[in-house]
Every structure is written in structure tokens, then in C-alpha cells.
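All remarks here apply to the structure that follows.
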Amino acid sequence: MSEHARPASTGPANKATDTCGHCACSASAATIDPQPAAAVGDFRLHIPRMDCAVEEQEIRALLADIEGIRRLGFRLAERTLTLDANEDAVDRVTRRLREAGFPNERLTATPDAPPALAGSLRKPLMALGCALAAELVHLLLPDSRAFSVLGMGLAALAIALAGLGTYRNGLRALRDGKLNMNALMGIAVTGAFLIGQWPEAAMVMALYALAELIEARSVDRARDAVRTLLDLAPPQAAVEQPDGSWLDTPVAAVPPGARVRVRPGSRIPVDGVIEAGHSAVNQSPVTGESLPVDKTTGDTVFAGTINETGLLDIRVTRAARDTTLARIIHAVEQAQASRAPTQRFVDRFAAIYTPLVFAGALAVALLAPFVLGMAWMEAIYTALVLLVIACPCALVLSTPVTIVSGLASAARKGVLIKGGSHLEAARRLRAVALDKTGTLTEGRPRLVDHDVMPDVNAGDALNRAALLAGHSDHPVSQAIAAGLPATATEVATEAATETADDSAAERFTALPGRGVSATIGGREWVLGNHRLIEERGLCSPALEQRLHAHEAQGHTVTLLADDERVHALFAVADRLRPHSAEAVAALKSMGVAPVMLSGDNADTARTIAAEAGIEDARGDLLPEDKLAAIDALRSRYGACAMVGDGINDAPALARADIGIAMGGAGTDTAMEAADIVIMNDDLRRIPDVIRLSRRTHAVLWQNIALAIGIKAVFMVLALRGDASMWMAVFADMGASLIVVANGLRLSRH
């Protein structure tokens, strides 16, 4: 028996440097608040224009010198900024943001979803109409001064309607020494207008604004995959009042300890314990379980799950911001904040790519007339086309949308992957080490046999065993305490509260990987495994024979002993999880080696492993032995995952490439510590995660190839003189929409 602990393995999110000023890059992650919602005393601002990592960086720079700000929390999916600051500092922040072109408003609740697409299309469509009119004036009317002025006026109006924000952001970027899409478009459109291509300049700006809007709404679908999690819990709950009546109350205002009522067919608004009623509860929104679970008095229920059949009265155990659902949402948000390896590569590549293409465009404008024999106007026009192509939007969008879609898809199945890096790394796994108790087995062992040694008072032995087991939270100890005769348990319970009695346990000590010890009646007693008894020199051939008989049946044997002899042994058995064998077979079919690492005795480990279909089973392992086993597996196979209950096996979970917790809904330690948490304890989710990781990797590189390939084709066409500016806009925005749509396919995986 071992005590459980595991340090958190998640580190701070990597901060991205995005080269794209395009608003649709909003799937890029931001630094997330350390709590699911703003803390008491925090101020929240809704900033509609803040939906890209570039805007986040600009705002950080704008606010860097304002005193009184203790913390900034960015949530790009909601377009909100949380400020832990003084009231005076918040006033200065709001003024400075407005002056810099970031209108904002104070919030007391979560902002609504972005406005409907139709309402936002008005200005781009008006700009497109003016641009078409300018084109018709240029093509159909005589080339006179009056008609030229009319056409230029229409073109200027189209640019003003569609491009004022682009110019403003582009000027700010150039002032800061950055080359983002707004700067590139501003230079290209201005240059085209000045060289007399005003109809095309107007059309390019109108098409850019329209395509940017459509692209931003496409990216919002990736955000919606997470936002839908927010909608799982109802906004109000029926709360019992002092006079016995029930009042609909906002969920955020329902405190722990309150009593709420949930009618059949309604979603459960809070985490709590059922105090009255019984029902079938659909837990799939939280755990991914496909079938409803019967719940009755004393059972735990979770916010966001569905009460299907009966009326339930529930005692609230957690505030709305701390529910299991809130922690799931927060875990997904934190995952978006971490930069996956491919995403970091793309960011570095884009940071180099844009300046290189800009330099190439400048070289074409200045040198093409001398080297390629182009006319000056043709060379300048070709350079302007290259500037439009230089935008890295499609490339930058190719990774975050894909990662967010993959994370949201996993979350809907009850699997929390705490970062894009873990999602990507899962495809490299070649071995998976599995703990036995609570992982391959249900973790609810039961006492199947007990054997008191000859010449030992059975009542005393059982009482002492129950007393020791009752002080431990280990599943095996709990099974012994629950399975002993009622008289022994009653005596142990009374003794536990009467420390002056001779049968009270004193100086209780956990022995990690071995068992527990305590002083009872002035003597030291231990309740532990075979290893502990061997270390104390109390084994005998007869005892070994008894142990092997039980271990061969897959029983875990725990022994009660004092300094002189073994007094009794207790055989505990745990059942294999229903889908363990199926999950092991799936891992094997994928080329991943399953290995059992157990602190239980070797015979029991081998018996359970054989039942699950695992050939490599290692028992009698202390925590340091499991750590060494992980190192050996990594040397033999390569990348290795460790699967446990999120509390024990701390060294091995920390050392493995990926730590996976069989969390069970609501297990706080597992939620906080693991790289991946399987909420419904279904081992089949492990091969599912590996498949999702492999699919994600494939989609990532498909998107990168599409983004670079399309741009390469149009660069060649531009240098040959076969590409126009509006074609370049279509190529850039078309590539962006393609990679977004391709990435969103993962949300249906």
C-alpha cells in the first residue's frame, strides 16, 4: 500500500509572438487567468477589437507603465481583459485604450457572442458597391477629367468605408516597427492608388474587408467549440428559501450549502450531493459516458449534466466558479494558452517569411526594370501584388484553429488535454505504463477472505486490523475495514475516538509502498504488504505458501503483524474495468506497448495483467522502482506515458513524457496535476487520444503545406505578370478559409 501524491506537471503557458495583425488570427492563444472567472475585486473590460495575439501584445505594451495594475488576464475567446488593479488605474486604462483605438466597456457578466454576420456586413458591402461603381466608371465611361474624378472619388469612398481601421492599425504597426497584414495592405492599396490603379485599389480593400469578416466568423466556430461548454450549465437554479418556497436565483449567486431543486429533463446547475429523490442522470457533457447513470440519495452530481427521469433535491457543494464543469472549461482555456511545437515553428517561420517577402517586393520595384526589363509602373505593380501575398495569415491560422478544435473535441468526450504540446506529443507514444489499482481495475477492492494464524485471538486480531485500516485512505485498507465482521468494525470505530483506551491507535504512520503502522496498547503493529513483512524478517515457508495460494488467484494480500509474528492475513480482490482488455488490444494494434507497473505482489500483478491481455507485468514496485521502470521503458521503446489515478505514482507520472490521470469526475488532484485527465475513467480514451493526436498532426501539416503552396504559386504568377492584386487577395483569404475549414474537421473527430 502506498500513499499518494503527485506534483503538478503543467507549467506556465508560452507567450506567442504573432506576426499577423489580421483580426481573424484570434484563435491564437493568450495568457489565461489562473481562475475560471474574475476574482472578487477584479475589473473586467469588454474590448471588441481585441481578438488576436497581436492586439494582446499591443495592449500589454500600452498599459505597461500604468501604476496600480497588479495583474492582467486576457481572454481572447470572450474579447475580455481582467484587471486586478486600483479603481484609478482602471480609469486610466480605459482612457488609454480608447485613445489607442480600442473602444471598451465595463462588464459585470460574460459578454454576449459576437454580433450576427449580417449586421457586420453593411460597411464591407457598401464599400464593394462603391468599388464596383468605380470599376464601371473606369471601363465604360469616356476617359475625361470629370469621369476620372468621379471614379477616383468612388474608389476613395470605398477605401474609406472598408479600410479606415486597416490604415489606423497599419500605421500603428509601422510606428512600432512591425510588418503585419494591416501595414502591408495599407502600403499596397496606397501604392496602387498613387500609380493610377484606383479601381483595383478600391476593389482590393473592399474584398479584403469582406473576406476578413468571413474569415473571422469562420475562426469563431473554433471558439464556439469552447463557448458551448459555457452553455451546458443553466443560468439559474431553483433555491430553497427559509420559508420552504423555491426561488429562481442566478447560479453565480448560489452559495455552497444551499439546497436546489432540479426537475426531470432539466440540466443540473451546480455540483452537489443528492438529498432527496432518485433519477437517471446523463453525465456525457462532463464525463463523456454514453449511458445515463442511476443516482440516488448521497450520490454526487455535476453541473451541466442532465436530470432525465426524477425530481432531485441537491445540496450544493461548490460555488458556480469552482464546479467540475468550470474547471473543465478553465483547463481547456489554459490548454489554448500553451503553444504547441508546430505552432511555435510556424510563428518563427512567419516572423522571418514576412520581412523576406517585403524585402523581395522592394527589390522587384527597384531592380526589376534593370534586371528583368520591366517598365517602372509594371515593376511597382508587381511589387504591390507581392506585398499582398506576403501576409502570413493563412500560415499563422493553420495551427491554432486545428489545436483548439482538437482540444475541444477531446473535452466533449470527457478527456482534458492540458495543452497543444501534449496533444501533439501523444502521437509519439510507443509505450504506455499502467498502474493496476484504480487504472486497469475499478479501484474498489473488496475483502474476499481473511485468515487468522493459529494460537492468535481472532477477535483481537480483527479489531486491530480494522483499527489500522480505518486510519488509512488507501483503497485496500478501506476494503479491509469495510469487509471485516461488524463487531470488529464497531470496536475499531469506538477505539478510534477513545485515544485513552488500550486499543486506541497512536503514532499512526504511513509507510509508502509498504503499508501503515501504529502503536496499539503500547506495542507497534503494522498492516502491510508482503515486502514489509519480509523486511521485518517475519516470513516463513508456511506463510509463503499461504500467500502464493492467494496471489495466484489475483488477490492482493495484506498482513497484520507485530514485532514478533504475523497474526492474520487479508485477501482483497479488485475487478478489472469492463473495457480494460479492449483498450489494451487497441494500444497493441496501434504499435504501442502496454506495460503494468504495480506496487502489488508480482503474482497478483501477472494474474490481472494476463486477464487484461498485458504480457509485460511488473509487481512489488516501490515509487522509486516505478521511476526506474519508466526510464527503462523510455530507453527501450521511446516516448512513454504513465497512467495512474493522479495521486499515487508521483515520480513515475512526473518522469513520463505524458502523465495521464484516471481522474473520475470531480477528482481535484487529478484535474490539477495531470497532463491529460480521463474524466470517466475509460481506458479506451487513451488510444482515442493517440488517434486524435496523429490526426491533428496530419491536419497541421496539411494546412501548412496548403498555406505555403498557394502563396508560392501566386508568387510565381506575380513575377511572371499573370497575377493581379485582387487575385492575390483572393489567394490569401482563400488559403485562410481553407486551412480554417480543414482544422475545424477535427471538432467532429
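Note on Glu624: accessible area is roughly 110 Å² with a 1.4 Å probe, heavy atoms of protein only. Where a ≥ b ≥ c are the square roots of the eigenvalues of the C-alpha gyration tensor, would you call the stretch 584-641 rounded, which needs a/c under 1.5, or, failing that, prolate if a/b is larger than b/c, or oblate? It is oblate, given that a/c is not under 1.5 and a/b is not larger than b/c. Net charge of the neighbourhood of Gln545, taken over other residues with C-beta under 13 Å away and scored Lys/Arg +1, Asp/Glu -1, is -3. Database remark: amide H of Ala504 closer than 5 angstrom to the amide H of Gly521 (H placed geometrically; neighbours at sequence offset of 5 or more, or on other chains; Pro and chain starts carry no H). A 1.4 Å probe, protein heavy atoms only, puts the accessible area of Glu240 near 70 Å². Taking θ as phi - 60° and the Karplus parameters 6.51, -1.76 and 1.60, the scalar couplings of the stretch 732-740 work out to 5, 5, x, 4, 4, 5, 5, 5, 5 Hz in sequence order, x denoting glycine and proline. Ranking Tyr167, Tyr208 by solvent-accessible area of protein heavy atoms (1.4 Å probe, all protein chains present), from largest to smallest, gives Tyr167, Tyr208. Counting heavy atoms of the protein chains alone, Lys413 has an accessible area of about 110 Å² for a 1.4 Å probe. Over 29 Å apart at the Cα level, from the set Lys123/Lys178; Lys295/Lys588; Lys178/Lys418, are Lys295/Lys588; Lys178/Lys418.
Put the Cα centre of the stretch 160-205 next to the Cα centre of the stretch 514-557 and the gap is 79 Å. Is the stretch 335-459 best put as rounded, prolate or oblate by its Cα gyration tensor, with a ≥ b ≥ c the root eigenvalues, rounded for a/c under 1.5, and otherwise prolate when a/b is larger than b/c, oblate when not? Note, shape of the stretch 335-459 comes out prolate.
Would you mind calculating the relative contact order of the stretch 361-402 from Cα pairs under 8 angstrom and at least 6 residues apart, reporting the percent as a whole number? Over the stretch 361-402, the number comes to 38 percent. Near Ala609, once Lys and Arg are set to +1 and Asp and Glu to -1 for all other residues with Cβ below 10 Å from its Cβ, the sum equals 0. Charging the Cβ of each Asp and Glu at -1 and of each Lys and Arg at +1, and nothing else, the dipole of the stretch 670-712 about its Cα centre rounds to 380 debye.
Accessible surface comparison of Arg95, Arg49, Arg720, probe 1.4 Å, protein chains only, largest first: the order is Arg720, Arg95, Arg49. Centre-to-centre separation between the Cα atoms of the stretch 362-385 and those of the stretch 400-469: 67 Å. Ranking Cys539, Cys640 by solvent-accessible area of protein heavy atoms (1.4 Å probe, all protein chains present), from largest to smallest, gives Cys539, Cys640.
The values are calculated or read from the model by the stated rules, or taken from the named source; none is laboratory data. Worth saying up front: this structure is predicted, and the values here are computed from it rather than measured. In this analysis, Cβ positions are derived from the backbone assuming ideal geometry, glycine residues included, and neighbour counts consider all displayed protein chains. With ligands, DNA and RNA removed, areas are computed over all heavy atoms of the protein, side chains included. Shrake-Rupley method; radii C 1.70, N 1.55, O 1.52, S 1.80 Å.
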